[in-house]
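Visitor: Handing you this structure, nothing more for now.
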């Protein structure tokens, strides 16, 4: 897992914990990024998911959980990713997102050998 994002205070369900701008890249640029370590930190971007985006702020540091305590939402027009708590979170807990997009999606992700 490496780095992560932790809260120092309790967070109520539904609270937006971060809004991060993104750098949007084309599908051609994604092919190049997929050959680098940045592959693990970019998000598919756009309604057709042909491009990709690198989020700024702490978004790239959220670790994955199949039943995460946060979810993310993409605003393609404003070029933002928002992270919101899907349940109450206690002070000191790590904040997780599900890399599949939906907070409870249990489809194996690329680095998980369980599937």
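Every number in this text was worked out from the coordinates using simple rules, so none of it is lab data. In this text the structure is predicted, and so the values were computed from the model without any measurement. Cβ coordinates were reconstructed from backbone atoms using ideal geometry, including for glycine residues, and neighbour counts include every protein chain displayed.
Visitor: Keeping to the range 69-93, report how many residues are under 13 Å from the mean Cα position of the chain (by Cα), in contact (Cβ under 8 Å) with a residue 12 or more places away in the chain and under 23 Å from residue 47 (Cα atoms).
Guide: 9
Visitor: With (1) touching a helix residue (DSSP H, G or I) at 6+ places or on another chain (Cβ under 8 Å); (2) in contact (Cβ under 8 Å) with a residue 24 or more places away in the chain as the list, and residue 60 as the residue in question, which single condition is left unmet?
Guide: Residue 60 satisfies every listed condition except (2).
Visitor: Can you report the number of residues in the range 41-51 which are exposed (fewer than 11 other Cβ atoms within 10 Å of the Cβ) and under 13 Å from the mean Cα position of the chain (by Cα)?
Guide: Of the residues in the range 41-51, 0 are exposed (fewer than 11 other Cβ atoms within 10 Å of the Cβ) and under 13 Å from the mean Cα position of the chain (by Cα).
Visitor: Sticking with this one: In the range 1-40, which residue that is under 19 Å from residue 100 (Cβ atoms) and assigned to a loop (DSSP other than H, G, I, E, B) is farthest from the chain's Cα centre (by Cα)?
Guide: Result: 34.
Visitor: Continuing with the same structure: When the range 45-70 is examined, which residues are found to be assigned to a strand (DSSP E or B) and in contact with a strand residue (DSSP E or B) (Cβ under 6 Å, 6 or more places away or on another chain)?
Guide: Hits for the range 45-70 are 45, 51, 52, 53, 54, 55, 63, 70.
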